[in-house]
Amino acid sequence: MSIDWQPTAEIATLRERARLMGRVRAFFAARHVLEVETPVLGHGGSTDVHLDSLYCEAMMPSGQERLWLQTSPEFHMKRLLAAGSGPIFQLARSFRDGEVGSRHNLEFTMLEWYRPGFSLGALIDETDALIREVLPDDPGPQHRHRYRDLFRERLAIDPFTEDLDGLRRMASEKGGLDMEDAQRDDCLDLLMSLVIEPTLGREGLDVVIDYPASQAALARRHQDPQDGAWVASRFEVYRHGLELANGYDELTDASEQQVRFHEDNSARRALGKPEVDVDERLVAALRSGMPSGSGVALGLDRLIQLALGKGRVADVMAFATPGA
Amino acid sequence: MANYSTNEFKGGLKVMLDGDPCAIVENDFVKPGKGQAFNRVKLRNLMTGRVWERTFKSGDSLEGADVLELEMEYLYSDGDMWYFMKTDGSFEQYAVEKRALADTEKWLKEQVPYTVTLWNDNAISVTPPNFIELEVTETDPGLKGDTAQGGSKPATLSSGAVVRVPLFINEGEVLKIDTRSGEYVSRA
């Protein structure tokens, strides 16, 4: 049997990719956002219940240590912010165990940037501008949708108040699988990813805001001025059914951050998943003071895939993991 | 049989779903920004040939199916069953029902090797070779000299299949046929 050694992407595609990465760098240079490079390996990993981290055992002067491959450059970049870096961006190689498919690759390039002093709305507009800079054609107008409104309009349920039985029934029916034991957020995730997401970004750029408070991750929470419900100060941007970016009004409260890390690890234990070492250095950095502001992570491979009209994210990678 | 988790669902893996053996065709990973991951899986039901699309929670598992694909030569039919023999030298024979034979019935020729799919040691489907050589038993007379122009006519082959052939083909000729498309390829 012959061994397939060829690149996943065509060489012509890699040339286009390099050109588009040049545009990304020029976009930030013009806005005086500093490019930084932070480590792929860190002593802390992401505790997020739905992210699986890879790690390695490395020999250090002090002996063998476990180092985590970063699922995004977030923690190191926030430590730079706390140290007074000002606005920063990074094209960061990131790793997520188990995530391989038409839209995922085990390692990928995250375009992540932080804007001290920016409101979430201001960062949504800057993310919109960056996407338009990279796409060859005008994607059309930007529409913002509250998470709650999307579920009301598309599924005729209120995701914040519908009882768990109702959510489980709808998730089982729409997903065609048994969700009778599922948690509330798992039902919402299924409905979001299988029913709502594919319809987003078909005409223009769709931005989803005001996620359920339980899905805040590392975002602040606020009370919706319209209906008083607590929501996560988060947004996601969609184009052609593809999630491109995920942004937060960043949590800066060290104690709250520590609580969320430990809640995550409790949830991981309950699910029989391994616990992840908490990044105590991030907590210490927040304690010393990180400026308020917003940050966003954008899947650069997906944006390039859309810009070049490719069907799979692997089509724009020199070597996708299965052939690496 | 072993159980297989969604991250082991590679193309070709045989699993049990709703009581039928299936082959994984495609397995895609679906995940919202931050949240529970799912796998959208296309499976071919090996009993019916139909493709199913199902969603699983990532990490869910299915029981493996005891499915084997073996090369066997076609021997004969008694009208009720069709008999095939393993080509591994064991001379072991399998009887295949009409339902399992399905469309392959029209591509049968003695001593040609077929791929027979066995589930729990019962034949559930038979796949012909991609190309097969069959004799024309019935067609309109050939047109002399018309070897370059287009145009075609139906021809009945020794296996019973009817295919479109060029006008210059005559009865008694042996043709190479692509069984996947049912199209004439060339004279054998």
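The values are calculated or read from the model by the stated rules, or taken from the named source; none is laboratory data. It should be emphasised that the depicted structure is a prediction, and the values quoted were computed from it without experimental measurement. All Cβ positions, glycine included, derive from the backbone under ideal geometry; neighbour counts span all protein chains shown. Surface accessibility is based on the protein's heavy atoms, side chains included, excluding ligands, DNA and RNA. Shrake-Rupley method; radii C 1.70, N 1.55, O 1.52, S 1.80 Å.
Dividing the convex hull volume of the alpha carbon atoms of chain B by its residue count gives 147 Å³ per residue.
Averaging Cα coordinates gives a centre for the stretch A:1-65 and one for the stretch A:101-121; these two points are 12 Å apart. Shielding of peptide A:236-247 by partners, expressed as the average count of other chain Cβ atoms within 10 Å per residue Cβ, is 1. Using the Cβ atoms and a cut-off under 10 Å, what net charge is assigned to the surroundings of residue A:31, where Lys and Arg are +1 and Asp and Glu are -1? Computed value for this residue: 0.
Please work out the FRET efficiency for the pair residue B:91 and residue A:56, using the Cβ-Cβ distance as r and a Förster radius of 56 Å; give the result to the nearest 0.05. Before the final figure, lay out each step's value.
On the way: r = 54 Å, r/R0 = 0.97.
It comes out at approximately 0.55.
Remark: the stretch B:113-121, residue by residue, has Karplus-estimated 3J(HN,Hα) of x, 10, 9, 9, 8, 10, 10, 6, 6 Hz, where x stands for each Gly or Pro and the curve is 6.51 cos²θ - 1.76 cosθ + 1.60 at θ = phi - 60°. Comparing Cα centroids, the stretch B:147-188 and the stretch A:263-297 end up 69 angstrom apart.
With an 8 Å Cα cut-off and a minimum separation of 6 or more residues, compute the relative contact order for chain B in percent.
Here the relative contact order equals 14 percent.
Once the 1.4 Å probe is applied to the protein heavy atoms, chain A comes out at 45 Å² accessible per residue. For the protein assembly as shown, the equivalent ellipsoid built from the Cα gyration tensor has semi-axes of 55, 27, 23 Å, listed from largest to smallest.
Estimated from helices alone, the mean residue ellipticity of chain A at 222 nm is -10000 deg cm²/dmol (sum of -39500 (n - 2.57) over DSSP H runs with n ≥ 4, per residue).
Check every DSSP H run in chain A and write down those whose alpha carbon atoms cover 18 angstrom or more along the long axis and whose mean Kyte-Doolittle hydropathy is -1.0 or greater. Helices meeting the criterion: A:11-30, A:120-134. For the stretch A:117-256, the percent of C-alpha pairs falling in each 10 Å distance bin, counted from 0 to the bin holding the largest distance, reads 11, 39, 34, 14, 1.
Ordering A:207, A:282, A:116 by Cα displacement along the dipole of chain A toward the positive end leaves A:116 in first place; charges were set at the Cβ atoms of Lys, Arg (+1) and Asp, Glu (-1).
Remark: the stretch B:67-127 carries 57 Å² of accessible area per residue (probe radius 1.4 Å; ligands, DNA and RNA excluded). Among the residues of B:35-42, the average count of other protein chain beta-carbon atoms within 10 Å of the residue beta-carbon is 6.
Calculate the FRET efficiency for residue A:10 and residue B:180 from the Cβ-Cβ distance with a Förster distance of 22 Å, rounded to the nearest 0.05. That gives a FRET efficiency of 0.20. Under a 5 Å amide H cut-off, with hydrogens placed 1.01 Å from N, residue A:244 pairs with A:237, A:238, A:239 among residues at least 5 apart or on other chains.
Of A:174/A:310; B:14/B:98; A:174/B:106; B:86/B:106; A:78/B:10, which pairs sit farther than 30 Å apart, going by alpha carbon to alpha carbon?
Those over the limit are A:174/B:106; A:78/B:10.
In the context of the full set of protein chains, the stretch B:131-187 has a per residue accessible area of 57 Å² (1.4 Å probe). Counting charges near residue B:63 (Lys, Arg +1; Asp, Glu -1) among other residues having Cβ under 13 Å from its Cβ returns a value of -4.
Scanning residues 5 or more positions from residue B:169 or on other chains, those with amide H under 5 Å from its amide H are B:143, with H placed 1.01 Å from N in the peptide plane. Annotation for residue A:34 and residue A:266: the two label points, set 7 Å from Cα along the Cα-Cβ direction, are 3.8 nm apart. Taking amide H positions as modeled 1.01 Å from N, with prolines and chain starts lacking one, the residues under 5 Å from residue A:221 and 5 or more places away or on another chain are A:233.
With all protein chains in place and ligands, DNA and RNA left out, the 1.4 Å accessible area ranks B:173, A:250 as B:173, A:250, largest first.
May I ask you to compute the full-extension gain from residue B:127 to residue B:110, defined as 0.36 nm times their residue separation minus their alpha-carbon distance, rounded to one decimal in nm?
Stretched fully, the residue B:127-residue B:110 segment lengthens by 4.7 nm.
Chains A and B: buried accessible surface, both sides, probe 1.4 Å, rounded to 100 Å²? Approximately 1800 Å², summed over both chains.
Kindly give the semi-axes, whole Å and largest first, of the ellipsoid equivalent to the stretch B:1-91, taking each as the square root of 5 times a Cα gyration tensor eigenvalue.
That gives 35, 13, 10 Å for the three semi-axes.
Relative contact order, whole percent, for chain A stands at 25, derived from Cα pairs under 8 Å and 6 or more residues apart.
Toward the positive end of the charge dipole of chain A, with +1 on the Cβ of Lys and Arg and -1 on the Cβ of Asp and Glu, the farthest Cα among A:72, A:304, A:164 is that of A:304. Each Lys or Arg adds one and each Asp or Glu subtracts one; over the other residues with Cβ under 13 Å from the Cβ of residue A:128, this totals -3. Couplings 3J(HN,Hα) for the stretch B:173-183, derived from phi with the Karplus relation 6.51 cos²θ - 1.76 cosθ + 1.60 (θ = phi - 60°), are 6, 9, 10, 9, 10, 8, 6, 6, 9, x, 10 Hz, where x marks Gly and Pro. Along the stretch A:236-246 the Karplus relation, 6.51 cos²θ - 1.76 cosθ + 1.60 evaluated at θ = phi - 60°, assigns HN-Hα couplings of 9, 10, 10, 9, 6, x, 9, 6, 9, 8, 9 Hz to successive residues, with x for each Gly and Pro. FRET efficiency for the pair residue B:76 and residue B:5, taken as 1/(1 + (r/R0)^6) with r the Cβ-Cβ distance and R0 = 30 Å, rounds to 0.10.
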